[in-house]
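Below is one structure, written out as structure tokens; the observations come after it.
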Amino acid sequence: MKLLALLLASLMASTAIMQIHAVDYEAFNNAIGSAGSTRFENEIGNPYSLQALQSASTFIWQAFRQGETDRKNVQRVRLYIDNMDGVAYASNNDIHVSANYIGSFSGDVKTEITGVLYHEMTHIWQWNGNGQAPGGLIEGVADFVRLKANYAPSHWVRPGAGDRWDQGYDVTARFLDYLNGIKDGFVADLNRKMRDGYSDNFFVELLGKSVDQLWSDYKAQFGG
């Protein structure tokens, strides 16, 4: 009986589930025994991670101005803390976060991983033009959400930096933030247009200029 109780306690410590807004959120720590896993349990934990996933979803729906009928039909999102290289990735409505990254991160790891979860959760909910949209734009939208949620890390590039508009991540996020300032709700409108396909002409339709001209304007705005 004592062994069974210990096994149940261990299972509860490494696995959690929450259901909110008809979406099941689950978290699994698959890196038990590693330094990153220990830091995850001590400084982040499953209960906080589940709440962060739910909060991220709500924030993303608001950022994309989506009602329930406008969203993807996602019924379950699972978070895995894994022994792996890199930082994180999303695939098939699952989010994988590196225990190695958690263990080696220097600074406030709880805030950092919260930002990572907002980025990866955006990939769960955003439209990608049926795979036709530039990868840099998709990553830029995810970092735009992280930026608007106030989880942008200090090492991100400053506004105006970058070599091209679809460079991705923080570079494209800053550009999208600039465009969203020109037309409130631009990113939400762009995401909506990418539900069924993608064209650079979406920028013309929404802002009256080509994306290349908008990038030139952006660079000029911040001194190149």
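The values are calculated or read from the model by the stated rules, or taken from the named source; none is laboratory data. None of the values given here were measured: they were computed from a predicted structure. Note: ideal-geometry Cβ built from the backbone for every residue, glycine included; neighbour counts use all protein chains shown. Side chains included, ligands, DNA and RNA excluded: accessible areas come from the protein's heavy atoms. Shrake-Rupley method; radii C 1.70, N 1.55, O 1.52, S 1.80 Å.
Which residues, taken from the stretch 160-173, are open to solvent by 50 Å² or more (accessible area, probe 1.4 Å) and under 19 Å from ASP217 (Cβ atoms)?
Those that are open to solvent by 50 Å² or more (accessible area, probe 1.4 Å) and under 19 Å from ASP217 (Cβ atoms): ASP163, ARG164, GLN167.
Of everything in the stretch 54-93, what is under 19 Å from LEU147 (Cβ atoms) and open to solvent by less than 50 Å² (accessible area, probe 1.4 Å)? Give them in sequence order. If you could, list the steps in order and put the result at the bottom.
Taking the stretch 54-93 first, the residues under 19 Å from LEU147 (Cβ atoms) are 55-66, 87-88, 90.
Of everything in the stretch 54-93, those that are under 19 Å from LEU147 (Cβ atoms) and open to solvent by less than 50 Å² (accessible area, probe 1.4 Å) turn out to be SER55, ALA56, SER57, THR58, ILE60, TRP61, ALA63, PHE64, GLN66, ALA88, ALA90.
Return the residues of the stretch 16-43 that are outside any helix (DSSP H, G or I), open to solvent by 20 Å² or more (accessible area, probe 1.4 Å) and at pLDDT 95 or above; say none if nothing qualifies.
Hits for the stretch 16-43 are ASP24, GLU26, PHE28, ASN30, ILE32, GLY33, SER34.
Within the stretch 102-137, can you find the residues that are among the polar types (S, T, N, Q), touching a residue at least 40 places away in the same chain (Cβ under 8 Å) and open to solvent by 10 Å² or more (accessible area, probe 1.4 Å)?
The answer is SER104, THR111, ASN128, ASN130, GLN132.
Any idea which of ILE60, ILE138, ILE102 is β-branched (Val, Ile, Thr) and in contact with an Asp or Glu (Cβ under 9 Å, 6 or more places away or on another chain)?
Just a single option satisfies the conditions, and that option is ILE102.
Could you check VAL157 against (1) in a loop (DSSP other than H, G, I, E, B); (2) over 21 Å from LEU79 (Cβ atoms); (3) open to solvent by 50 Å² or more (accessible area, probe 1.4 Å) and say which number it fails?
Result: VAL157 passes all but (3).
Can you run down the residue pairs with Cβ atoms below 6 Å, 6 or more apart or on separate chains, where the first is in the stretch 198-224 and charged (D, E, K, R) and the partner is at pLDDT 95 or above and open to solvent by less than 60 Å² (accessible area, probe 1.4 Å)?
ASP200/VAL211
Would the stretch 72-79 turn up any residue that is over 16 Å from the mean Cα position of the chain (by Cα) and on the phi > 0 side of the Ramachandran plot?
The answer is no; no qualifying residue exists.
Which condition breaks for GLY140 when tested against (1) surrounded by 21 or more Cβ atoms within 10 Å (Cβ to Cβ); (2) of a type outside the set (D, E, K, R); (3) at pLDDT below 95?
Answer for GLY140: the failing condition is (3).
For residues that are assigned to a helix (DSSP H, G or I) and among the basic types (Lys, Arg), scanning just the stretch 181-224, find the one that is least open to solvent (accessible area, probe 1.4 Å).
LYS219
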